[in-house]
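Down below is the structure, laid out as structure tokens.
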Amino acid sequence: MTRTLKNCPAPAKLNLFLHVNGRRADGYHLLQTVFQLLDYGDLLDFETRNDGIIHRVTAIPGIPEESDLIVRAAKLLQTAIQQKTGQNLPGANIAINKILPMGGGLGGGSSDAATTLMALNHLWDAGFSREELMAIGLQLGADVPFFIFGQNAFAEGIGEALAPVDTKDCWYIVIEPGVQIATSLIFSSEELTRDTKLVKIADFSGHQDCFGKNDLQIVATKLFPEVEEVIKWLSTHGNARMTGSGACVFCAFEQEQQADDVRKLVQNRWKVWKAKGISFHPLKDLL
């Protein structure tokens, strides 16, 4: 008998700040950031199957099925189940309504992978804990554990050391500059500074409106003037900055009407959307 979960959210994240503090011997960068969840993102449908096959039923231009983080996440979970129980592997059909842009710094692929792990852990009755799923997700990327963590977080290390953090209740405008930025391009730049001093959660909590900066932004804007153009425009309405390694740019507003007013000003120039900041992942209670 098949089981299904429909319209499972894979929410976007923002990096409210992003500091690069150093670099490990293996090449991974040491970071500090605050991850903020949004009530906006991709939607995934899951249907179990009994033959062990993982099939992404939605075509996504430029992303072959076998390399998609969604499929890779499902197969990693299969392997973990087999190692744990020795049972025959379950399968799944997975459909996605891809809303978040690729190369936007919003964590779309990582969020999709996290939602896949949480949904299939539930549908397959795998019984893995949140911590176990986070460890599985880390094999796919440093942002995946955050989405499974399930709430806004202060992150350190390579992004995997997470602590809950309270963020302001506000609305966000997010503008897509129309370019995709590969994370590896930014992190490999010789112009990237890697020596920002360490901060504490309390430092952020007391000065959320203007805390820190995005160390990746100066590199991205030099390589992609489209990003710099958006930041300059949005900065006339508030504290605008780039999220992640780009390309999307955001600004916070206390009132929904303020966000709407700014969105209307720019909607004919760039793709722009409004989102509410949320404190917890919508699938948090699945675990």
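The values are calculated or read from the model by the stated rules, or taken from the named source; none is laboratory data. None of these values were measured; they are calculated from a predicted model. Virtual Cβ from ideal backbone geometry, glycine too; neighbours counted across all protein chains shown.
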Restrict the check to region 124-142 and report whether at least one residue is in contact with a strand residue (DSSP E or B) (Cβ under 8 Å, 6 or more places away or on another chain) and not hydrophobic (A, V, I, L, M, F, W, C).
-> no
Counting only residues that are buried (at least 19 other Cβ atoms within 10 Å of the Cβ) and in contact with a His (Cβ under 7 Å, 6 or more places away or on another chain), which one in region 6-32 is nearest to Gly108 (Cα to Cα)?
-> Pro11
So is Lys197 basic (Lys, Arg), over 19 Å from the mean Cα position of the chain (by Cα) and either surrounded by fewer than 18 Cβ atoms within 10 Å (Cβ to Cβ) or modelled with pLDDT under 95 (or both) or not?
-> yes
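For every residue, the table says whether it meets (1) in contact with a helix residue (DSSP H, G or I) (Cβ under 8 Å, 6 or more places away or on another chain); (2) acidic (Asp, Glu); (3) not assigned by TED's automatic domain parsing to the domain that holds Gly103.
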{"residue": "Glu226", "(1), (2), (3)": "no, yes, yes"}
{"residue": "Trp233", "(1), (2), (3)": "yes, no, yes"}
{"residue": "Thr243", "(1), (2), (3)": "no, no, yes"}
{"residue": "Gly246", "(1), (2), (3)": "yes, no, yes"}
{"residue": "Cys251", "(1), (2), (3)": "yes, no, yes"}
{"residue": "Gln258", "(1), (2), (3)": "no, no, yes"}
{"residue": "Val262", "(1), (2), (3)": "yes, no, yes"}
{"residue": "Val266", "(1), (2), (3)": "yes, no, yes"}
Among the candidates Phe224, Phe211, which residue alone is crowded, with 17+ Cβ neighbours inside 10 Å and under 22 Å from the mean Cα position of the chain (by Cα)?
-> Phe224
Scan region 114-143 residue by residue and report those that are aliphatic (A, V, I, L, M) and either more than 20 Å from Arg3 (Cβ to Cβ) or without any contact (Cβ under 8 Å) to a residue 24 or more places away in the chain (or both).
-> Met134, Ala135, Ile136, Leu138, Leu140, Ala142
Which ones in region 143-174 are within 30 Å of Leu265 (Cβ to Cβ) and in contact with a Phe, Trp or Tyr (Cβ under 7 Å, 6 or more places away or on another chain)?
-> Asn152, Cys170, Trp171, Tyr172, Ile173, Val174
Return only the number of the condition from (1) touching a Phe, Trp or Tyr at 6+ places or on another chain (Cβ under 7 Å); (2) of a type outside the set (Lys, Arg); (3) under 30 Å from Met242 (Cβ atoms) that Val71 does not satisfy.
-> (1)
Members of region 147-161 found to be touching a residue at least 60 places away in the same chain (Cβ under 8 Å) and of a type in the set (A, V, I, L, M), listed by number | Ile148, Ala153, Ala155, Ile158
Would you point out which residue out of Ile94, Ile99, Ile63 is β-branched (Val, Ile, Thr), modelled with pLDDT under 95, under 20 Å from the mean Cα position of the chain (by Cα) and not in a helix (DSSP H, G or I)?
-> Ile63
